[in-house]
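One structure is given below, encoded as structure tokens.
The values are calculated or read from the model by the stated rules, or taken from the named source; none is laboratory data. Remember, predicted model here, so these are calculated numbers, not experimental data. Cβ placement follows ideal geometry from the backbone for every residue including glycine, while neighbour counts extend to all protein chains displayed. Remember, those area values only see protein heavy atoms, side chains included, never the ligands or the DNA or RNA. Shrake-Rupley method; radii C 1.70, N 1.55, O 1.52, S 1.80 Å.
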Amino acid sequence: MILGVNVDHVATIRQARKGVDPDPVMAATLAILGGADGITVHLREDRRHIQDRDLKVLKEVVPVELNLEMAATKEMIGIALKMKPDMVTLVPEKREELTTEGGLDVKRHKLNLKRAVKTIQGAGIPVSLFINPSVDDIFIAKEIGVEMVEIHTGLYANAKGKRQEKELLKVITAIKKALSLELKANAGHGLNYFNVRKIAAIEGLRGLYIGHSIISRAVLVGIERAVRGMKELIKSVQCQ
Ligand code: PXP
């Protein structure tokens, strides 16, 4: 199972002073030394953290999977076609949100997403849709024509006890459905060192995309160690 590390938060700190430190590109390199199988950045319309320059340099120096998270807008599609990341994950985006709050409303935006996916795939870039753990949404993702989905694990991550078990079941069911329709299945959002194992143990899951918890730990112990710790947790449930 691959681990894609999201380095947006490193850029958030840099943008607090609008200078050059800390550099998300350096963080990406160190994350890779710690065992990251991929690097993710979300280029937002308002450029609140990752900048166009970051994507450009990452494209030049990242030897592992570079995943560009973006909204399905004309501007972002143009950037994706030019920068050619290894994959694009389409996400919903609201200016006022602190982070991506939910999966895409694939039912409502089906036509626009279908057009965007076709254009991006036309440039040879595989596309993933960030969707809620809903079987209906998996069917729509299949109709849209993507290769992959990323199941939103935020509700699972924020829940506790019985509620968390229920949310876990939704994630498992969505992943099973995706696999049965021959979609590759990833998961992400809100995963941390305490809740990742139950998700990592889901059979057939291709990858996990994690940012906040790894970068938060990295502030205290360094990014290589933080990534290595997460990789070890994920591996610990793979061989069971
Ligand atoms: N996957 C997607 C599509 C996201 O938008 C995010 C947040 O940027 C993540 C995964 C990572 O979430 P977190 O930072 O909570 O680990």
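Take every Cα pair under 8 Å in segment 74-208 that's 6+ residues apart, average their separations, divide by the length, and report that relative contact order as a whole percent.
Relative contact order comes out at 20 percent.
Hey, could you pull the Cα Rg and Dmax for segment 68-128, both in Å?
11.3, 32
Quantify, in whole percent, the carbon and sulfur part of the accessible surface of the chain (1.4 Å probe; protein heavy atoms only).
Taking all protein chains in place, the chain shows 56 percent carbon and sulfur surface.
When ligands, DNA and RNA are left out and all protein chains stay put, how many square angstrom of accessible area per residue does the chain have with a 1.4 Å probe? Don't skip to the end; give the middle numbers.
Working: 11760 Å² over 240 residues.
Using a 1.4 Å probe on heavy atoms only, each residue of the chain averages 49 Å².
Given Cα pairs under 8 Å that are at least 6 residues apart, what percent is the relative contact order of the chain?
Details: 450 pairs, mean separation 47.7, N = 240.
RCO, the chain: 20 percent.
At a 10 angstrom cut-off on C-beta neighbours, averaged per residue, how do the peptides 35-41, 5-11 rank from highest to lowest? Intermediate results must be reported in sequence, preceding the final value.
Numbers: 35-41: 23.9, 5-11: 25.6.
The most tightly packed comes first, giving 5-11, 35-41.
Distances longer than 15 Å among the Cα atoms of segment 1-104: what percent of all pairs is that? If you can, show how the numbers build up before the last one.
Details: 3208 of 5356 pairs.
Roughly 60 percent, once rounded to a whole number.
Counting helices only, and only those DSSP H runs with n ≥ 4, report the 222 nm mean residue ellipticity of the chain as the sum of -39,500 (n - 2.57) divided by its residues, in deg cm²/dmol to the nearest 500.
Details: 11 runs with 119 residues, N = 240.
Dividing the helical sum by the residues of the chain leaves -15000 deg cm²/dmol.
Give the lysines whose C-alpha is closer than 28 Å to that of residue 198, dropping any in the same chain fewer than 8 places away, or say none.
Excluding near neighbours in sequence, the set is 142, 160, 162, 166, 170, 176, 177, 184, 231, 235.
Starting from the Cα coordinates of segment 131-204, work out the convex hull volume and express it per residue in Å³. Before the final figure, lay out the partial values.
Values: hull volume 5.3 nm³, N = 74.
Given the Cα convex hull of segment 131-204, per-residue volume reads 72 Å³.
Over segment 84-240, what portion of Cα pair distances is larger than 27 Å, expressed as a whole percent?
Working: 2927 of 12246 pairs.
Here the tail beyond 27 Å accounts for 24 percent of pairs.
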